[in-house]
Amino acid sequence: MSKAIEGEAFENPLPSSDVGDWVEDGSIEDNASLSLPDLAEDIFFHRRLIPLSDCEPNVRCEMIAQIAETSLSSTLPGGLAGPLRYDRFIARRFSLDISLIKDRYIHLGFRARPDRGVLLKSVQRVFESSLRATLENGLPQETLDAILLRLKNDLDGVLERDRPGYNHRLAWGRLRLGKTIFSLSDQQKALLDIRSNDVNRFLKALSKPDRALKRSVFAQGSAETEKDLSK
Amino acid sequence: MSRILRVIALIASMTLLASCTDDPEREAVSAKTPQGLPFHFMPIDSCRSTSRGIDKITIMSAWPMHWAYRANNNPAVPYVAADSILSGGTEELEAQEVLEFFNDRDSRGRLYIRADHVIGKLTFPREDLEGVVSMTSELLSKPQFDPAWVERIKKGLSANQTQSQAKIAYRMHAVARLAVLGDGPPR
């Protein structure tokens, strides 16, 4: 019974498929504005695909990506929530996603809804400058310490009786994406081995030339919208 | 409010005493605080967490509320108020400091608005009982209602409403409501 829920019992059922031709080589920046009806408010989207390097695609790398995502989403120093939501009222709401695509790429997705009276281009400017600063300087040690401890507590806090359910959801979530599967104990082991340098090296990789798509989507009809689109 | 918060602290401390009881049946017990307020207590077998014994305590409280039943009241107020209470910080701490205080302690607090009650739910590890309960007490008893936060929350609520109203399912519900209850035009 206990063997069945340990990571060692898992085998990867899917061969890692070759996706070499999925993405064209070279960097690209696709920046556009559009206006849509039936939209309650303006939204800014930003998605990037960065070749994965400096990180073996395994449970450890997945955990590093998760730490990077949580740190960048937080209000702690180096996080984006400070400059976007708390120090100033720029984005009413934002979400950030960092994930590994097919063992080959890092996907960084960002979307934000501005606070009242804030233009999308201001959201974009603050997002890009704050992200660039953190990628260049790395996350402060105290931020990484806090995030690592929180993640450890999250994993350790899974009750024994909830463990099969946790592993089931984890495996199912990864299988759906055709990814290798691992268990809670694999995550716990991998986390113990991660140092702040690993996370900062991963973040540094995010500033390499990449393929970026940015969209400023305006709710049709707002005065700010029309002013912005006419430029 | 402060009476209720004292009761919450009391319930929490009583939960603490019994939280390691091995009770696979999860039986709920009815009890009364010394002040005479009834509460239910359900110990859950929480001592066997995977790696270290993190015991968590969850307190749920329901405050009766008549807001939705009064025609002159703006029905959106409780939703904006609940979010503002939890998001706006305290007298001493900025909003982000309160957020990180809860995050550092793996603790969560929510207020759910119902037609006749506000339901509060607070979850935290047993060793952080004192800090989390007193911070929550501060948030509930001295809400800041920072105008900038209220404005932000109003914008969010209004955007969600506009987005929902654009959906066919919402409009169908409004038509059904008009047909059955006759209490307002579909919008």
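How much length would be gained if the chain were fully extended between A:LYS152 and A:ARG201, taking 0.36 nm per residue of separation minus their Cα-Cα distance, in nm to one decimal?
Extra length available between A:LYS152 and A:ARG201 comes to 15.6 nm.
Roughly how large is the B-A contact in terms of buried accessible area, totalled over both chains, probe 1.4 Å, nearest 100 Å²? Don't skip to the answer; put the middle values down first.
Numbers: alone 12700 and 12830 Å², together 22950 Å².
Its buried surface, counting both partners, is about 2600 Å².
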Exercise. Across 5 Å bins from the origin, how do the percents of Cα pairs in the range A:146-185 run, short distances first?
Worked result: 6, 23, 23, 21, 18, 8, 0
Problem set entry | B:TRP63 - accessible surface, heavy atoms, 1.4 Å probe, Å² rounded to 10 | 40 Å²
For this session: Determine the shielding of peptide A:149-161 by partner chains: average, over its residues, the number of Cβ atoms on other chains within 10 angstrom of each Cβ.
Result: 5
For this session: Using +1 at the Cβ of each Lys and Arg and -1 at the Cβ of each Asp and Glu in the range A:104-231, identify which of A:PHE110, A:THR143, A:LEU203 lies farthest towards the dipole's positive end.
Result: A:PHE110
Exercise. Can you count the Lys pairs in chain A whose Cα atoms are under 30 Å apart, with each pair 8 or more apart or on different chains?
Worked result: 29
For this session: Report the equivalent ellipsoid semi-axes for the range A:35-154 in whole Å, largest first, defined as the square roots of five times the eigenvalues of the gyration tensor built from alpha carbon atoms.
Result: 26, 18, 12
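What does the convex hull of the Cα atoms of chain A come to per residue, in Å³, rounded to a whole number? Please list the in-between numbers first.
On the way: hull volume 34.2 nm³, N = 231.
Spread over its residues, the Cα hull of chain A gives 148 Å³ apiece.
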Seminar exercise, completed: With the 8 Å Cα cutoff and a minimum separation of six or more residues, chain A has a relative contact order in percent of 39 percent
For this session: Grab the alpha carbons of the range B:59-187, take their convex hull, and tell me the volume per residue in Å³.
Result: 137 Å³
Exercise. If ligands, DNA and RNA are left out, what is the accessible area of B:ARG110 with a 1.4 Å probe, given in Å² to the nearest 10?
Worked result: 130 Å²
Seminar exercise, completed: Taking a ≥ b ≥ c as the square roots of the eigenvalues of the Cα gyration tensor, with a/c under 1.5 meaning rounded and otherwise prolate when a/b exceeds b/c and oblate if not, the range A:117-231 is prolate
Exercise. Taking the range B:136-187 on its own, what percent of its Cα-Cα pair distances exceed 16 Å?
Worked result: 61 percent
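Could you do me a favour and compute the accessible area per residue for chain A, 1.4 Å probe, result in Å²?
Values: 11590 Å² over 231 residues.
For chain A, the per-residue accessible area is 50 Å².
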Exercise. Taking springs between alpha-carbon atoms closer than 10 angstrom, which of A:ASP30, A:ASP38, A:ASP186 fluctuates most in the Gaussian network model of chain A?
Worked result: A:ASP38
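The values are calculated or read from the model by the stated rules, or taken from the named source; none is laboratory data. Computed from a predicted model, the values in this text were never measured in an experiment. Heads up, the Cβs are rebuilt from the backbone with ideal geometry, glycines too, and the neighbour counts pull from every protein chain shown. In case anyone asks, the SASA skips ligands and DNA or RNA and just uses the protein heavy atoms, side chains included. Shrake-Rupley method; radii C 1.70, N 1.55, O 1.52, S 1.80 Å.
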